[in-house]
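Q: One structure coming up, written as structure tokens, with questions to follow.
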Amino acid sequence: MEYYEVHPEDPQMRYISKAVNVLKNGGVIIYPTDTVYGIGCDIYNKKALGRLFSIKNDSDDKLFSFVCSGFKEISKYAKISDYAYRRMRHLLPGPYTFILPTTRLVPKELWSKRKTVGIRMPNNQIALKLVEELGNPLVSTSATSRRGNLLYDTFEIKNIFSNQVDLMLACGNIIGDPSSVIDLSDDEPEIIRQGAGDVALFV
């Protein structure tokens, strides 16, 4: 596994480019978000999606979402109601995953039974730069142990996944809660998980 230390606020583009090249060639990477470290791949690479599913197979945490760089991109992959947009624009980028109705641009492997998807726009420059340079969303799931426990220490993450992923972008230990998950796919919002993001707007 390639391993690079990246500046959290002004990420070195040579490392971002290396990661994007790996993604475009069907690779799986680990990268920081505004909550925890994520494991991700190109949304359109079926081989990489298969690897990601395999990595998370034995974990209790099977929540897959994908990272978008902005609202223009989100609107391509999810249907946003006026109500959802008004709430989301106050909170993003930030530590939230929003459940929204999917569009046909999203591979069916990522659809829920209700034809919804989880959308992330993390407040993290490394994650956002990756998606911008890739040109389409990045499938993402939290870096966890096989028991589903979140992993915060870069040394531990590197050791656990060294034979499973191709590249890791690190910016030190990230100790925090996972994103808050809000379902905005129906008329009434539903708080699925209260995490790092304030959910007061939906109570």
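Q: Evaluate segment 27-40: report whether one residue or more is more than 13 Å from the chain's Cα centre (by Cα) and part of a helix (DSSP H, G or I).
A: From segment 27-40, those more than 13 Å from the chain's Cα centre (by Cα) are 27; that's our starting set.
After this cut, where a residue has to be part of a helix (DSSP H, G or I) as well, the list is none.
The answer is no, given that none of the residues of segment 27-40 is more than 13 Å from the chain's Cα centre (by Cα) and part of a helix (DSSP H, G or I).
Q: Can you give me the number of residues within segment 96-129 that are of a type outside the set (S, T, N, Q) and within 11 Å of the chain's Cα centre (by Cα)?
A: Qualifying residue count for the region: 8.
Q: A further question on this structure: For segment 73-117, enumerate the residues that are part of a strand (DSSP E or B) and touching a Phe, Trp or Tyr at 6+ places or on another chain (Cβ under 7 Å). Full working, then the answer.
A: Restricting attention to segment 73-117, the residues satisfying the condition of being part of a strand (DSSP E or B) are 78, 96-102, 116-117.
Correct list: Thr102, Val117.
Q: Further question: Within segment 115-150, can you find the residues that are under 12 Å from Pro32 (Cβ atoms) and modelled with pLDDT under 95?
A: Correct list: Ser140, Ser142, Ala143.
Q: What is the residue count in segment 16-42 for residues that are surrounded by 24 or more Cβ atoms within 10 Å (Cβ to Cβ) and more than 12 Å from Val165 (Cα to Cα)?
A: Going through segment 16-42 one residue at a time, the tally reaches 5.
Q: If Ile55 satisfies all but one of (1) farther than 12 Å from Ser142 by Cα; (2) more than 14 Å from the chain's Cα centre (by Cα), what's the number of the condition it fails?
A: All conditions are met except number (1).
Q: Still on this structure, please answer the following. Mind telling me which of the residues Ser145, Ser140, Ser185, Ser162 ends up being exposed (fewer than 13 other Cβ atoms within 10 Å of the Cβ), among the hydroxyl-bearing types (Ser, Thr, Tyr) and touching a residue at least 40 places away in the same chain (Cβ under 8 Å)?
A: None of the others qualify; the one that does is Ser162.
Q: More than 16 Å from the chain's Cα centre (by Cα) and free of Cβ contacts under 8 Å to residues at least 40 places away in the same chain: does that describe Lys46?
A: no
Q: Which of the following residues is surrounded by 21 or more Cβ atoms within 10 Å (Cβ to Cβ), in contact (Cβ under 8 Å) with a residue 24 or more places away in the chain and on the phi < 0 side of the Ramachandran plot: Ile55, Ile119? Before you say what the answer is, go through the steps one by one.
A: Numbers: Ile55 fails: surrounded by 21 or more Cβ atoms within 10 Å (Cβ to Cβ).
Exactly one residue qualifies, and that residue is Ile119.
Q: Name the single residue that is farthest from the chain's Cα centre (by Cα) among those in segment 130-165 being in a helix (DSSP H, G or I) and among the β-branched types (Val, Ile, Thr).
A: Only one residue fits best here, namely Ile160.
The values are calculated or read from the model by the stated rules, or taken from the named source; none is laboratory data. Since this is a predicted model, take the numbers as computed values, not measurements. Cβ coordinates were reconstructed from backbone atoms using ideal geometry, including for glycine residues, and neighbour counts include every protein chain displayed.
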